[in-house]
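All remarks here apply to the structure that follows.
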Amino acid sequence: MPETLSVVTDGSTAVAEASPRRSTGKLVIARLRDLALVPAIALIAVIGQIVNPVFLQPDNLINIAQTMSEVALLVLAQTIVLVAGKMDLSLESTFGLAPGVAAWMTVAVGAGHGTGLLSGAWSIPITLLVGALIGIANAALIVRFGLHGFIVTLGMLIVLRGLLTGISGGQTFFNLPESMMYLGTAIWLGVPASIWVCVALFAAGIVLLGYTGFGRSLYAIGGNVDAAKAAGIRTDRVLWAALIGASVLAALGGLLLSGRLASVAASQGNGAIFTVFAAAVIGGVSLNGGKGTMFGAFTGILLLFMIQNVLTLAGVPAQWIGALNGAIILIALVVSRITGGKAQE
Amino acid sequence: MSGNEGGRVPSDPPVAEATDITKRFGSTVALDGARIRVLPGQTHALVGRNGAGKSTLVSILTGLQAPDTGRVLFAGAAAPRLSDRDAWRRHVACVYQKSTIIPQLTVVENLLLNRYDRGRLGLISWRSLRQRARDLLAVWSVDVDVEAKAKDLSVEQRQFVEIARALSFGARFIILDEPTAQLDAGAIARLFGHIRDLQAQGVTFLYISHHLQEIYEICDVVTVFRDAHHILTAPVADLPRGELVAAMTGEATTLDAPRSRVAPAGDPDVVLDVAGLRFDGVFEDISFQVRAGEIIGLAGAGGSGKTEVAETVVGLRTPHAGAITVDGHTPRPGHVAAALAAGVGFVPQDRHHQGLIAGMSIADNTTMTIPERLGAAGFLSTRRRDAVANTLIDALAIKTPGPDLPVSGLSGGNQQKVVMARALASDPKVLVLITPTAGVDVRSKEFLLDKVDRVASAGTAVIVASDELDDLRICDRVLVIFQGRIVADMPSGWHDHDLVAAMEGLTVDA
């Protein structure tokens, strides 16, 4: 009665009982939105083939997949964090520091700045442990102390990069132990192991976000944290897990790259975070949280690396690749804005 | 009541007059042919229940919004254009419930924000600014240190500063929007003393309050709005309290089907036991029990603490003292997940704020409380989720093509049903509802209340925290909360007027 304003809304729309035809329609559209970049990827493939017939050769495709596999893990990590409505800029420094610490502790004295404190077998556990510790530090500052994620991880990005420069003396670690090299160099069934790892983790990511309670909690928190709380989701715990998991994934990505290059440069991962954000947003992940899929993020990073490869094959001078890369990211954003139909946040 | 009738010349044009104002927001009518006429020197009260249109009228009178139809006059002349803020400020000022003082700045700056005195070189001259601020406060006898930071002032001092600032623009007509909401009794007395001083100096007030007691204390004339309409305007002295409350509540509009609550048979178990609950500054000494199949109402005006009590029961707030026992267990206080596990279902106050994740599907939203039932080891089966969602969609007659539709695509009534579905998904032993029918159409409202009734009949203990009489009418008994305490316990069959009066903190018979 009195209370609410004279509401003329909903009730009137309750016309004919909607026949209970459940599902279909909307679902198909949702799936299609996931595939929004597939036509663009196909188009680039055609253009690439015209520009240079090498493009679709298996060797070249494997090359694309392998060079993107390491950064793709950063995209995977960032997508988990973005869906939960946070962001983690420090991933690119973790990408360098985690294998850097492993190299620092396991590489023999005399070769660069190695200390040779531990045997080579420790390198992978150390890499992942450093990733986890960084994630814990981020989560403590963001979740526990309620600081803003952007500025916390920006500070962390600088600190971690500085740590890597400090322990390496600004130089590159060489003579890495055998175990650090394995994932980056091994070939499984004719395909580099890092591609298998990347694809397997993305598959796991798709399952995680779409088909587990944890994944749906991430969307709920990113979409409306108060509603998630009111529904009994332990939002803090989920965010801790997301931030730590993301850092560990970044450390793993760094390990793959170090293995492939057989070295850890002081600048490993430097500047990668911009490509990572671009790929996620082009792939339909919202910077405001709650929106986007793992598959979409994967198509985003795939598209960027294919375009880069086409540019190289077309003989674009290396000095111009950077500018073109940036321009392509902007164009891709505009195109996905048009095809997606909604403002990107 | 106040004795400043002298000096009021009947022929003076009204300080402010709004005639035949209509304002719509989308399909919602906020004001329908409403009017008000405030004479010089008067202290005019504007009352009405939530949603009556008071705030819309204030925003029209202060030039924040234009009416769809109707005219606003100040001292007989047409109101300025909306863009001419300075002109509006010379006519009318509003002290909002929410402070518009900037806490980090000093009183001087707050008073004279963007009206700085410049010295040579065009730099701000703080010395002359301070003097101006002191003069200003002295004229209106406000005793505040002008160099203090606004955040260090008490609530009443801040209000005085706001009033002085309003007067400094030249306005002699001031709207006070629930000024006493955050004040204690002593501060209210000082505020009233101040208002009387200003009345004596010829300042006109439009006074908005939920506390009818204050209206009788300080106001000359009262205007009642109800459901977007002007109901009456009368001198306060000629209007007995009972009639005022009646004007606010209107005819007792009953829903189609009279509810016949069958009291739970025999002596069923107490499912929810709340004992000595206290949250400092919000509520204290709250104790009640709810039996299986019983519906308890928690009634109270905005700010009474009823919402906070309900939120404490579901674990959104951690009480400072007291115990909550659900079916023999004591869930960890302040943990929603613990309360949920103990069997508490929850419909939060504002579905947009806490109830829904707009971009997610109906299936995701309705099953958010029960991930463990949708699969093993943290995985969830979309098939099982959709099956559960479909059952809930049927049970609550949610109009949707399917469970995959994002809830943002639903109408308000259907959205609220989704929130209810989410609460019912876990088969709760205790169901806590806060304003469960706010902003929904009549049919959805009827449906939702009927649903609550049935859920209770099936043995669930229900709490309804609301100030909507329709929500409370389905309750077996209603506990009235006023200023954080339970002041009345009314069994079903109460009279509308009595309940409203209790919620507003007065007794009609007094």
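The condition of being at pLDDT 90 or above, more than 25 Å from residue A:283 (Cβ to Cβ) and either assigned to a loop (DSSP other than H, G, I, E, B) or aromatic (Phe, Trp, Tyr) (or both) holds for only one of A:20, A:53, A:2, that being A:53. The set of residues from the range A:43-67 being closer than 11 Å to residue A:307 by Cα and free of Cβ contacts under 8 Å to residues at least 24 places away in the same chain comprises just one member, A:43.
Please indicate, with yes or no, whether at least one residue in the range B:148-167 is outside any helix (DSSP H, G or I) and within 14 Å of another protein chain (Cβ to nearest Cβ). Looking through the range B:148-167, none of the residues is outside any helix (DSSP H, G or I) and within 14 Å of another protein chain (Cβ to nearest Cβ).
Among the candidates B:324, B:357, the residue that is hydrophobic (A, V, I, L, M, F, W, C) and either more than 8 Å from chain A (Cβ to nearest Cβ) or in a strand (DSSP E or B) (or both) is uniquely B:324. Of all residue pairs spaced 6 or more apart or on separate chains, those with beta-carbon atoms under 7 Å, a first member in the range B:143-160 that is touching a residue at least 60 places away in the same chain (Cβ under 8 Å) and a second member that is assigned to a helix (DSSP H, G or I) are B:159/B:191.
With the structure loaded, tell me whether residue A:42 is of a type in the set (A, V, I, L, M, F, W, C), out of contact with any strand residue (DSSP E or B) (no Cβ under 8 Å at 6 or more places or on another chain) and not in a helix (DSSP H, G or I) or whether it fails that test. No: the conditions fail for residue A:42. Residues that are in a loop (DSSP other than H, G, I, E, B) and either closer than 21 Å to residue B:294 by Cα or more than 10 Å from chain A (Cβ to nearest Cβ) (or both) within the range B:327-348 comprise B:327, B:328, B:330, B:331, B:332, B:333, B:334, B:343, B:348, listed in sequence order. Yes or no: residue B:310 more than 30 Å from the chain's Cα centre (by Cα) and modelled with pLDDT of 90 or more? The answer is no for residue B:310.
A single member of A:232, A:210, A:245 is under 28 Å from residue B:404 (Cβ atoms), surrounded by fewer than 18 Cβ atoms within 10 Å (Cβ to Cβ) and within 14 Å of another protein chain (Cβ to nearest Cβ), and it is A:210.
Answer yes if at least one residue in the range B:408-417 is surrounded by fewer than 24 Cβ atoms within 10 Å (Cβ to Cβ) and more than 9 Å from every other protein chain (Cβ to nearest Cβ), and no otherwise. Yes; the residues of the range B:408-417 include at least one that is surrounded by fewer than 24 Cβ atoms within 10 Å (Cβ to Cβ) and more than 9 Å from every other protein chain (Cβ to nearest Cβ). Listed here are the strands (runs of 3 or more DSSP E) enclosed by the range B:267-314 that have at least 2 residues being within 22 Å of residue B:501 (Cα to Cα): B:283-291, B:295-299. What about residue A:286, is it out of contact with any His (no Cβ under 6 Å at 6 or more places or on another chain), among the small types (Gly, Ala, Ser) and either within 21 Å of residue A:38 (Cα to Cα) or surrounded by fewer than 24 Cβ atoms within 10 Å (Cβ to Cβ) (or both)? Criteria met by residue A:286. Taken over the range B:56-108, the criterion of being surrounded by 16 or more Cβ atoms within 10 Å (Cβ to Cβ) and at positive phi is satisfied by B:63, B:70.
The single residue among B:137, B:121 that is in a helix (DSSP H, G or I) and within 27 Å of residue B:195 (Cβ to Cβ) turns out to be B:137.
The values are calculated or read from the model by the stated rules, or taken from the named source; none is laboratory data. As the structure is a prediction and not an experimental result, all values here were calculated from the model. Positions of Cβ are backbone-derived with ideal geometry, glycine not excepted, and every protein chain shown enters the neighbour counts.
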